[in-house]
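The values are calculated or read from the model by the stated rules, or taken from the named source; none is laboratory data. Keep in mind that what you see is a predicted model, and the values were worked out from it rather than measured. Here the Cβ is made from the backbone with ideal geometry for all residues, glycine too, and neighbour counts use every protein chain on show. When the accessible area is computed, the model is the full protein with side chains, heavy atoms only, and any ligands, DNA or RNA have been set aside. Shrake-Rupley method; radii C 1.70, N 1.55, O 1.52, S 1.80 Å.
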Amino acid sequence: MLQPTDGGYTNGYHHDGAVAGGISGGHRVRRGSRGRSRGRRGGGSSDGDARVSQWQQHHEDEEEREKPAPPCTEFDTAYFNSYAHVGIHEEMIKDRVRTDTYRNAIFQHQNFIAGKVVVDVGCGTGILSIFCAQAGARRVYAVDASDIAVQANEIVKANNLCDKVIVLHGRVEDVEIDEEVDVIVSEWMGYMLLYESMLGSVITARDRWLKPGGLILPSHATLYMAPVTHPDRYSESVDFWRNVYGIDMSAIMPLAKQCAFEEPSVETITVENVLTWPQVVKHVDCYTVTTQELESITSRFKFESMMRSPFHGFSFWFDVEFTGPTVFPLNNGMRHSFVEPSNSNMTEGNQRKKRPNPNDALVLSTAPEDPPTHWQQTLVYFYEPLDVEQDQVIEGSLTLSQSKENARFMNIHLEYSSGGRSFVKESVMR
């Protein structure tokens, strides 16, 4: 029997702790799977001038630039191989919210892309690279370590873009680009934003090639969490066994709970499932984020339930913004200063706030109230629901860390309390 942390019962685990790549020269499990290559150092101040200084210092540091790339592990190889399957790319491209937003972002920043050099980190079929070429990029390096890069090269040829798009088959850590780039574009987000850790590849590309003042699309990302109620899901997975064709199979319910709720679940919920306003777990500035700060993330939370309901677990979702690092004209002729993200009034652990001006940034959201995407939402369910009253406080802490078994996996450690009882839930997203 699992023991409670302070005299109550536990309804979760209670343990002590529990890409890019591409043709010159492939386990994506999400949608199947989604991955990342580990990057090098990066980071610094979020101030625009500090970013430029940081990049200049990095590019002047010959010793750092000559550091050998981390080895490609068997997990990396399996990850890259999984992305060689066309089905994963079909699912992503058919996600119109995703693909249309990226296309709109590229053309919204056309004045910054036209005549410039772009690198597409984890190019897949090459669709984002082709969008950049259509927006007037002088040269696009399409990088992918999966064998899908072979197909990307054929797609580039079929669209008569060989003079603009160069497909590089290999990891970002290994391929060579003999010039600095003006723009990095990448669709790196995994389930729960950071699963697969592909952001490390974007950081590597940034530190190797991006010019001071260069553009990264998307530029910022925010991970949110909120308590949820989902009686239908619990009933389908657990209560079903109480009466199966008139047979009492309730003896199997403990196993059914473990099988259904041991690992995070990727599924679609609605706003009716959400018990409180969401809070920010992590805000990422792609211009300054470092690989070190992504290894382990801890955030405290405090929610107040907006209704009386069974509390079944926590849901996670994210959004990404497409803004620039400095002042430049957008395609609509307006000028904006994007030294700070438009949601810079949000900090980790704070409730989600409305942006001062929603028109300031193009946003791709996976929130329950927005149109569905292939990312859906990620839910961490408890083995037993907890009844909460309206205005009852739910508080605790969350730690997300890269698995020591495979850095592309994510360890989830939740400590939470409500109504005088405390609980721990641990899980691994594989």
Note: Glu74 to Glu272 extended length (0.36 nm per residue) minus current alpha-carbon separation gives 67.1 nm
In nanometres, the difference between 0.36 nm per residue of separation and the alpha-carbon distance of Asp370 and Glu389 is 4.1 nm
Of the listed links Lys257/Lys302; Lys157/Lys404; Lys282/Lys404; Lys94/Lys257; Lys164/Lys211; Lys116/Lys404, those spanning more than 30 angstrom between alpha carbons are Lys157/Lys404; Lys94/Lys257; Lys116/Lys404
For Ser418, other-chain or 5+-apart residues with amide H closer than 5 Å (H placed, Pro excluded) are none
Within the range 268-308, DSSP-loop trypsin sites (Lys or Arg not before Pro) with at most 13 other C-beta atoms within 10 Å are Arg308
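Under the rule a/c < 1.5 gives rounded, and otherwise a/b versus b/c splits prolate from oblate, where does the range 172-255 land using the Cα gyration tensor? Each step should come with its number before you reach the end.
Details: a/c = 6.17, a/b = 3.45, b/c = 1.79.
Prolate shape, in that a/c is at least 1.5 and a/b is the bigger ratio.
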Note on the range 88-202: alpha-carbon gyration tensor, axes a ≥ b ≥ c; rule is a/c under 1.5 for rounded, else prolate if a/b larger than b/c, else oblate; result rounded
Placing each pseudo-label 7 Å from Cα in the direction of the beta carbon, Ala256 and Gln292 end up separated by a distance in nanometres of 4.9 nm
The percentage of the accessible area of the range 124-232 (probe 1.4 Å, all protein chains present) made up of carbon and sulfur atoms, to the nearest whole number, is 46 percent
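If R0 is 35 Å, what FRET efficiency do you get for Ser403 and Lys157 from their C-beta distance, rounded to 0.05?
According to the calculation, E is roughly 0.35.
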With every protein chain in place, the accessible area of Tyr383 for a 1.4 Å probe, in Å² rounded to the nearest 10, comes to 30 Å²
Probe 1.4 Å, heavy atoms of protein chains only: per residue, the accessible area of the range 210-296 in Å² is 42 Å²
Taking Cα pairs closer than 8 Å and at least 6 residues apart, the relative contact order of the range 193-278 in percent is 36 percent
For the range 222-307, whose charge dipole is built from +1 on Lys and Arg Cβ atoms and -1 on Asp and Glu Cβ atoms, the candidate among Ile252, Met307, Ser265 with its Cα farthest towards the positive end is Met307
The long-range amide H neighbours of Val140, using H built 1.01 Å from N in the peptide plane and a cut-off of under 5 Å, are Val118, Val165, Ile166
